[in-house]
Amino acid sequence: MLQLLVAGLTVGSGYALVALGIHIVLRATRIINFAQGEFTIVGGLIALTFVQVLHVNTWIALAGATLVGFGLGLLFERLVLRPAARSGEMALTIATIGMVSILLYGHALVPGWGSLPQPLPAFSGDVSDAVAIGGASIQIQSLWVLALLLLALALLYVFFDRTYYGKAIRAAANNPAGARLIGIDVTNARSVSVGLAIALAAYGGTIIGPITLVGGAGGVVIAIKGFVAAIVGGLESPAGCVLGGLLVGVVEKLIQGLPGVSYGISDPIVYALLLLALLIRPQGLIGARSAVRD
Amino acid sequence: MIARLRADARALPVLAALVVAFGIAAAWNPTFAQAGTYAAIYAIAAIGLSLLMGNVNQISIGQAGFFGIGAYAVAYGTTSWTLPQAAAWPLAVLLGVVSAALAGLAVGFIALRFRGHYLAVATLAFGLICVGVFHESAILGGAIGIQDVPYPQFGALTISGYPAYWFAWAVAALVAFASINLLRGRTGRAFETIRNDELAAEVLGIPTRRFKILAFAYAGALAGLAGAIYASFLGIVVPDAVSVPLSITLLLMVVLGGSGSVSGALIGAAILGVIDISGHQFENSREVAYGVLVIVVVIAAPGGLFGLLRNLAKARPRPPLDEPGATRAMPAAATRVVARAAPVESGAPAGVAPLAVEGVTKRFGGLVAVNRVSFALERGTLTSLIGPNGAGKTTLFNAISGVGTLSDGRIAIAGTDVTGWQPHRIAALGVGRTFQNARLFGEMTVLENVMAGSFRRERTSFGADLLALPSARRASREAIDRARATLARLELEPLAGTLARDLAFGDRRRVELARAVAADPWLLLVDEPAAGLNANERATLQRDLLALRDDGVTLLLIEHDMRLVMSISERVMVLKFGTMIADGPPEHVRNDAAVVAAYLGTGA
Amino acid sequence: MLLDVRDLHAGYGALDVLRGVSIAVDRGEMVAVLGPNGAGKSTLLRAISHLDANVRSGTIAFDGHDLVRASTVDGVRFGCLHVPEGRQLFTELSVDDNLRLGAFSVDRRTLDADVAAIYARFPSLAERKAQTAFSLSGGEQQMLAIGRALMARPKLLMLDEPSTGLAPQIVEQIFALLADLKRNGTALLIVEQNAYLTLQHADRAYVLEGGVIALGGTAAELTADPRVRDIYLGGSVT
């Protein structure tokens, strides 16, 4: 049971980061970035390239992938989102869907990446290293994932809540006109936000890499579970997104762990959870009703 | 007819010719014929999605779900039922289409409760749940799906191979024809108003939510039909084939071709269908190219390829208005006043106030925009609501017409408590309203805008629209005549064919007033009608407002032009920071110390 | 002249609001723009700060810079601050954060002292330091908006209807504050409905009507002019 819980929290960490990334882009651009899952996959692959080509360990690859992710985010905002925004919100959302297509099929074309999932070296020791806690065998890698998730959350919290510039970015998202009136460049703020969101995606794709592998066609599913997480937890609240992600991960693993239940049924159940959340409490566990209802 | 749709209808015969030409050429090449058949199948689904996206501005990333419902219905019905094929096939198709339509209704009903992106996610969820159900259902073959689905059979005739191309395109042609009819009729006009300005449509009494749900159901039904035909010709249905990638492909198709038009959907489907011929070895590059293409289209040509073609064609001068009623002699119009078709009989029974506002309060966080305002209007009077900026006047109007919710208080219209009612329901009671910034339907002509005003009075059904029955055409003609009469009375006739977004500012307000009047309201809320008008226009406005009042309409005006207010109002109410500080005849109010202080400050 | 606007034509979309307006504000002056609703007062400020009105023709010179082609952010950096009618506060952030962010475009070494000075002027804001801007009353929001703008050390502070929603005592406080700012060298351009009170504090004033300047002069001249009241209340012209 504890084993399932930890497994759930591990995969849930990935979902949490996707959900958080969606939240950040939402705040900055007012639309949902449907390509967040694909960026997660690509992020992991970038880390793989660092490992394979530059022969560095996974930690450095993590830092590298995160930085490259930030750069990708800036490019994405500048070349895709900003021009598309002129055509309206729907156009913007469609642009992110176009991005899904590009990344989903495009990543397989990059030399060294291919279309099948590949393993990323462990953060320490061997992937199968495990430690015994409370009668269950817990992978060390899982502990790393959780620790790294907490690290990311801490850093983001400090940035957005304790630094001047982070607050300026929140202000620009909250009220662009007001921000301009006191001299904040809203366009730059938006750029940085998207950069951070994609950096987060890359970070997320890398930390779960040793366990769930990087690459493959799972981007769409990860994105979707990220949405489920965001909606269940609360799309408009960062804490909600994280909570939602962990919850979805745990629910998924618990279902899969039930005796006699086919492995594949956990996905439809998770999607049904999404529909349930939309019907019963669309603002999520942590969220205000007014943000959602028409 | 709306210019956009006119272009659409004109393009169809051209496209039909191309389809026929391609079909003849493909007779010798089975691969081409096959690709063409799939293009037709996609086209059917794409038309539905195009209508949904373009006309009611809703994204659906779950169309594959409806497609799958249709496909599985046919696959299951024709392989498991013990009926003879000739009966099983049409029955299964019917089952598929109806199920998909019902699912569309359900999805629309649920999804439309949410704003923008939540709606897109809801459609995605639907698509995924469908796939999940297909995947896990034993009777639907689980992960393996259903195989050996037979070809469509009509008596002794089996449709397969080359004839499949013609069959599929025949169905697509029928769907295109029906869809164009829908768009040209009342339903299409309602869609167009929603697409242009949903709020303005609501206050005209158009039940926007109902139409949006209808659009979902229609898009669902068409996707289901497409799926049904797909299953019959491919012979196999597997869950993976009706999943998110298909939804994305359909979306891409519609965006590429141009959402909102039937021709756009056809163009998009044809392009993607034909490119698919290149086979599987370039699949990845192809999909990447689609993605890039969609982004480029969205940035550079938001109207899709069809939009581009239209823009090129626009180099020619706009054809003259050729509505059916155009050549009929106009009724002797005459006076410059806005006379109603008949004096006000319906509406408030004598003795009941047309509008009664009790303790109405509206708060935005810590801000109190309207503070316990109460008043009742008398039938057939003209009352003005004035006050310094930010006094809460428009907020009060919003509250009365059902836009937004009240924090406290009640509103009664002709004795009926309408607190919490949707705007279109309140409008349906006979309440009209104009906005501070003249919310016209920019891409519709002045005539079409005014037609929208009398929308409630058009009597026709969805089915009649679809089949372009005489009753639907008659309803359209009557609507046009009514609108022309209103335009004539307001001396706006010369502008009938002008697009609303091309109007000069002064004309915009008059057209908005004409549109509100076309709905025949007995209570009219007018928000700053004189703003931006020159002296002549103001004089005309004054005459028009008084004429309305003389016809028995109860008028409530927000206005800043003091001269106008003082000269035409029977009663003036003054609002300051959300509170009513004066209420009485104009002269009385003008000399009220509190009012002077409100406007000019103290210490004079 | 610190601010020199000449023959300005501006509006929104198809609507022309200002039809050739010329005003000027010198260093250390308080100038008021009065007039009835719809006259174009707000539009004037919005055109100068480039918030949303479009300038069709005319010039706007500020401290040697051309504001017509400058962005809102540029204007702030030049020292021209605009506090609009809607206040545009950061509703999700706290009062303290709103104030501190006001100093975004200036030297922040004395940030803490500057914020403390604002709190000294507006004690009720100090009480609500940690509350979100959304939860403040109308009057408090107005004070916060002004305080935030002051953090940017403006050379010219443009205020759009600062007395809206404020109780008379608070309005007096605000005007006292403005007088204080003026004494310390900040120029002020105030758009107001509350004509007479504004005239008590301003040096000069213009009266805008129908997009053009109808009257102009010193505060004393306009206070005595009966045409001001006529313009506001539709006078004897019917």
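Normalised radius of gyration (Cα atoms, divided by 2.2 N^0.38 Å) for the stretch B:22-106: 1.32. Note on B:Asn29 and A:Val127: with the Förster distance fixed at 56 Å, the Cβ-Cβ geometry gives a FRET efficiency of about 0.60.
Extension gain, C:Ser22 to C:Ala179: 0.36 nm times the residue separation minus the Cα-Cα distance gives 54.1 nm.
Placing unit charges on each Cβ (+1 for Lys and Arg, -1 for Asp and Glu) gives the stretch B:3-312 a dipole about its Cα centre, and among B:Ala64, B:Leu49, B:Pro90 the Cα reaching farthest toward its positive end belongs to B:Leu49. Distant-in-sequence amide contacts of C:Val212, defined by a placed amide H-H separation under 5 Å and a gap of 5 or more residues or a different chain, comprise C:Arg19. Footprinting exposure proxy ranking of B:Asp583, C:Asp66, fewest other C-beta atoms within 10 angstrom first, gives C:Asp66, B:Asp583. Label-to-label distance for A:Ala136 and C:Phe134 is 3.7 nm, based on points extended 7 Å past Cα in the beta-carbon direction. According to the calculation over all Cα-Cα pairs in the protein assembly as shown, the P(r) per 20 Å bin from zero is 11, 36, 36, 15, 2, 0 %.
Cα axis of helix B:116-136 to longest principal axis of chain B: angle in degrees, 0 to 90, nearest 10? Compared with the principal axis, the helix lies near 30 degrees. Normalised by residue count, the stretch B:422-567 yields a Cα convex hull volume of 118 Å³ per residue. Values of log10 I(q)/I(0) for the stretch B:442-502 across q = 0.17, 0.28 Å⁻¹ run -0.59, -1.08, by the Debye formula with one identical scatterer at each alpha carbon and no solvent.
Normalising the average separation of contacting C-alpha pairs (under 8 angstrom, six or more residues apart) by the number of residues puts the relative contact order of the stretch B:3-312 at 35 percent.
Treating each Cα of chain A as an identical point scatterer and summing with the Debye formula, the log10 of I(q)/I(0) at q = 0.07 Å⁻¹ comes to -0.25.
With a Förster radius of 45 Å applied to the C-beta separation of B:Ala87 and B:Thr416, the computed FRET efficiency comes to 0.30.
If R₀ is 25 angstrom, what is the calculated FRET efficiency for the pair B:Leu312 and B:Arg501, using the beta carbon separation as r and rounding to 0.05? Approximately 0.75, to the nearest 0.05. Phi angles of the stretch A:224-235 translate, via the Karplus equation with coefficients 6.51, -1.76, 1.60 and θ = phi - 60°, into HN-Hα couplings of 4, 5, x, 5, 3, 4, 5, 6, 5, x, x, 4 Hz per residue; Gly and Pro are given as x. Ellipsoid fit via the Cα gyration tensor, the stretch B:1-57: semi-axes of 27, 16, 5 Å, each the root of five times an eigenvalue, largest first. When the alpha carbon gyration tensor of the stretch B:3-312 is reduced to an equivalent ellipsoid, the three semi-axes, largest first, read 29, 23, 19 Å.
Net charge in the neighbourhood of A:Ala177 (other residues with Cβ under 11 Å of its Cβ; Lys, Arg +1, Asp, Glu -1) is +2. Building the convex hull from the alpha-carbon atoms of the stretch C:22-74 and averaging its projection over directions returns 4.2 nm². Taken residue by residue and averaged, Cβ atoms of other chains lying within 10 Å of the Cβ of C:151-161 number 1. Ordering B:Phe435, B:Phe134 by the number of other Cβ atoms within 10 Å of each residue's own Cβ, fewest first, gives B:Phe435, B:Phe134.
Which residue fluctuates the most in chain A, going by a Gaussian network model with Cα springs under 10 Å, if the choices are A:Pro121, A:Pro268, A:Pro238? Judging by the Gaussian network model, the answer is A:Pro268. Taking amide H as placed 1.01 Å from N in the peptide plane, B:Thr579 has its amide H under 5 Å from the amide H of B:Asn371, each at least 5 places away in sequence or on another chain.
Would you mind telling me the antiparallel percentage of the DSSP bridges in the protein assembly as shown, rounded to 5? In the protein assembly as shown, approximately 60 percent of DSSP beta bridges are antiparallel ones.
What does the C-alpha gyration tensor say about the overall shape of chain C? Classify as rounded when a/c is under 1.5, otherwise prolate if a/b is larger than b/c, or oblate. Verdict is prolate for chain C. Relative to the longest principal axis of the Cα atoms of chain B, helix B:304-313 runs at roughly 70 degrees. Distance between the pseudo-spin-label points of C:Glu127 and A:Asn57 (7 Å out from Cα toward the beta carbon): 5.8 nm. Relative to the longest principal axis of the Cα atoms of chain C, the long axis of helix C:168-183 lies at roughly 90 degrees. Peptide C:87-97 has a mean shielding of 5, counted as Cβ atoms of other protein chains within 10 Å of each residue's Cβ. Averaged over the residues of peptide C:99-108, the number of Cβ atoms from other protein chains lying within 10 Å of each residue's Cβ is 4.
In chain B, Rg over Rh equals 1.06, where Rg is the alpha-carbon radius of gyration and Rh the Kirkwood radius from pairwise Cα distances.
Derived scalar couplings between HN and Hα for the stretch C:199-214 equal 5, 5, 9, 6, 7, 9, 8, 10, 10, 9, 8, x, x, 10, 7, 8 Hz in order, rounded to whole Hz, by the Karplus curve 6.51 cos²θ - 1.76 cosθ + 1.60 (θ = phi - 60°), x for Gly and Pro. With only the Cα atoms considered, the stretch A:87-202 has a convex hull volume of 180 Å³ per residue.
Across the stretch B:81-103, the residues whose backbone nitrogen lies under 19 Å from the label position 7 Å along the beta-carbon direction of B:Ala156 are B:84-87. From its DSSP helices (H runs of at least four residues, each -39,500 (n - 2.57)), chain A gives a residue-normalised ellipticity at 222 nm of -23000 deg cm²/dmol.
Which one of B:Ile206, B:Gly145, B:Ile295 has its Cα pushed farthest toward the positive end of the charge dipole of the stretch B:3-312, where Lys and Arg give +1 and Asp and Glu give -1 at the Cβ? Going by the Cα projections, it comes out as B:Ile206.
For a modelled paramagnetic label at C:Val212, 7 Å from Cα along Cα-to-Cβ, the residues of the stretch C:13-34 in reach, with backbone nitrogen under 11 Å, are C:19-21. Calculated from the alpha-carbon coordinates, the stretch C:93-153 shows an Rg and a Dmax of 10.4, 31 Å respectively.
Net charge dipole, the protein assembly as shown: roughly 1060 debye, given to the nearest 20, about the Cα centre with Cβ charges of +1 for Lys and Arg and -1 for Asp and Glu. Going by neighbour counts of Cβ atoms within 10 Å, the residues B:Ile275, A:Ile97 line up, fewest first, as B:Ile275, A:Ile97.
Read-outs: derived from the displayed coordinates by stated rules, not from any lab. Here the structure is a predicted model, which is why all the values come from computation and not from measurement. Positions of Cβ are backbone-derived with ideal geometry, glycine not excepted, and every protein chain shown enters the neighbour counts.
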